[in-house]
Every structure is written in C-alpha cells, then in structure tokens.
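One structure below.
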Amino acid sequence: MSKETVLNIHELEYAVRDFKILKKVSLEVKKGEFVGVIGPNGSGKSTLLKNIYKVAVPDRGKIYVNGCDLAHMTNRQMAREIAVVAQENNTNFDFTVEEVVAMGRYPYKRMMEPLSDSDIAAVQQMVRTVEMEDFLKSSFLNLSGGEKQRVLIARALVQDTGLIILDEPTNHLDIGSQIRTLQLMKNSGKTILAALHDLGIASKYCDRIYVMFEGKILCKGKPDEIINAELIEKLYGVHAEVFGHHGRTFIDYQ
C-alpha cells in the first residue's frame, strides 16, 4: 500500500512584477518522508517554501495539505497542519527559551487561554530533547545561532503538526550543529520538506530530492540516483567526482 500524500503542489507559478521566480513547479511529499529541495542561489527554493507557508501568495497553481486546499485554510488551521523553521529569524522581543518554544502550542489555544499542564510538560520535554534545558529561562536573543536553531526546531516539534518545513536549516551552523540538527529532524518521525544547500547533507538525510534550476524542477529522485558530476556542473559550474559507498553519496569537488 502506498503512503498517503501529505503535501501536493501542482504547477505553482509566482512572479515579482514581471519576473517569474517559480515556473509550473509540481512537487509531492508522502507521509514520513524527508524530502529535500536543492539548487543554486536564485533557483527558487526559498520562494517555493514561502508559498507553502503563506508568506508569498502564488499567481497560479494549487497547494494541497492532507488533501485540503491551502488557499482556503485560515492561518490557525494552517498552523495545525504545518510547522515552519524559516531561514530568517526576526524575533526582536526578549522572550525566554521556554516562551519561544511554548509558541508552538498557540494554534491549539483560544485567545488568552493559558497553557495547560500537559502543554507545559510538552514544552519542557522538547527543550530537553534539543538539549537546551540549561537555557530554559535564558533570553532567546542572547543565544548563539546554533542554539537559536535548536530552540526553533523545538518550537516546530512541540507544534505537533504532520508536516515541517525547513528553509536552509543548517545555514550558519558548524558541522557538529548541522549533524545534530538534521539527525534530530530525521528521527522525529515527522514528514519533512527542507531547502538545503549542502549536497552532502542532502544525500545523507533525504529520502528523495527535487532539484530546482531557474525556477523549475530540473529533476527528482533518490539522492544516489540523481546526484552526479554532470548535475553538479550544471547547477554550480564546478567539476566534481561523485561516488557511492554503503548506500551513501560522496562528493569530491575538483
């Protein structure tokens, strides 16, 4: 029996003024998959994700989440279906780590309704999961980039949605933080769609990959099926040797 489709994007188009950024992009993510979107800067990866979580509104095409038309969902309804870890973090208020993670429970609360004991327990458990329990009462603004990323991932996980969108989740992180971040998401049991810039990271953690180039889907498939020297040269203009070992794809840039 095939897995159910969590996210279905059909011929999405998006333009700024007369410049088309997305050109009939179609994409599908099945329940439990970790799907990556790769491509050079300017290929449309982040714009695609912003259309999914309603920061941008498509000119044409459809986005379905669990069979429901995203265009007809309220923001609260969407927040119960999709959690987002965006590339830009514009939090300017001095919230504690606990308060930031607790924001993930707000889609389930009425106006001014306090967190329940089970909400608080879930928040504290998720803070421990991302190994930030020592910073529970610390200011979010005073954290390092990697620490902030872990807090935002905890917020996305405590939101308890079936689908999580990650926009360049390892951007500005050191290698250790990159591995911990992606391993945590891989082990979460959630359905993941992530824009990634590191092909090695993508090949290690993604079940399938969509390759974007000049606003279109250039190709799609399992990492070891589509990542090759010709693709890397087309996307990035560099020579590379690609080889596999024990089901993993390794890239040696020349």
Tally, over the range 60-91, of residues that are loosely packed, with under 14 Cβ neighbours inside 10 Å, out of contact with any helix residue (DSSP H, G or I) (no Cβ under 7 Å at 6 or more places or on another chain) and in the same structural domain as Leu12 (by TED's automatic domain parsing): 8
So Glu99, is it within 16 Å of the chain's Cα centre (by Cα) and surrounded by fewer than 19 Cβ atoms within 10 Å (Cβ to Cβ): no
Residue match in the range 192-212 (condition: modelled with pLDDT of 90 or more, loosely packed, with under 15 Cβ neighbours inside 10 Å and among the basic types (Lys, Arg)): no
Failed condition for Pro169, given (1) closer than 15 Å to Ala195 by Cβ; (2) at pLDDT 95 or above: (2)
Tally, over the range 196-222, of residues that are farther than 23 Å from Leu22 by Cβ and not charged (D, E, K, R): 4
Test set (1) under 20 Å from Tyr236 (Cα atoms); (2) over 12 Å from the mean Cα position of the chain (by Cα); (3) crowded, with 17+ Cβ neighbours inside 10 Å - Glu225 fails condition number: (3)
Matching residues in the range 160-175 - criterion: being without any contact (Cβ under 8 Å) to a residue 40 or more places away in the chain and buried (at least 18 other Cβ atoms within 10 Å of the Cβ): Thr170, Leu173
Any hit, the range 125-136, residues being in a helix (DSSP H, G or I), touching a residue at least 40 places away in the same chain (Cβ under 8 Å), more than 30 Å from Glu33 (Cβ to Cβ) and not assigned by TED's automatic domain parsing to the domain that holds Asn75: no
Single condition Ile21 does not satisfy, out of (1) at pLDDT below 95; (2) over 21 Å from Leu157 (Cβ atoms): (1)
The range 40-59, subset more than 13 Å from Gly215 (Cβ to Cβ) and among the charged types (D, E, K, R), residue surrounded by the most Cβ atoms within 10 Å (Cβ to Cβ): Lys50
Output for the range 80-124, where each listed residue is charged (D, E, K, R), over 16 Å from Phe135 (Cα atoms) and part of a helix (DSSP H, G or I): Arg105, Asp117, Asp119
Candidate set from the range 152-203 (those that are charged (D, E, K, R) and part of a helix (DSSP H, G or I)); member that is nearest to Val84 (Cα to Cα): Arg155
From the options Asn41, Asn51, residue that is in a helix (DSSP H, G or I) and within 28 Å of Cys219 (Cβ to Cβ): Asn51
Residues (in contact with an Asp or Glu (Cβ under 7 Å, 6 or more places away or on another chain), under 21 Å from Ile251 (Cβ atoms) and among the hydrophobic types (A, V, I, L, M, F, W, C)) located in the range 162-195: Ala195
Unmet criterion (only one of (1) within 28 Å of Glu233 (Cα to Cα); (2) crowded, with 23+ Cβ neighbours inside 10 Å) for Leu157: (1)
Residues (touching a helix residue (DSSP H, G or I) at 6+ places or on another chain (Cβ under 8 Å), aliphatic (A, V, I, L, M) and either in a loop (DSSP other than H, G, I, E, B) or touching a residue at least 60 places away in the same chain (Cβ under 8 Å) (or both)) located in the range 1-38: Leu7, Ile21, Leu22, Val25, Leu27, Val37, Ile38
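The values are calculated or read from the model by the stated rules, or taken from the named source; none is laboratory data. What you see is a predicted model, and the numbers here were worked out from it, not measured in a lab. When we count neighbours, we look across all protein chains shown, and the Cβ atoms used for this are built from the backbone with ideal geometry, even at glycine.
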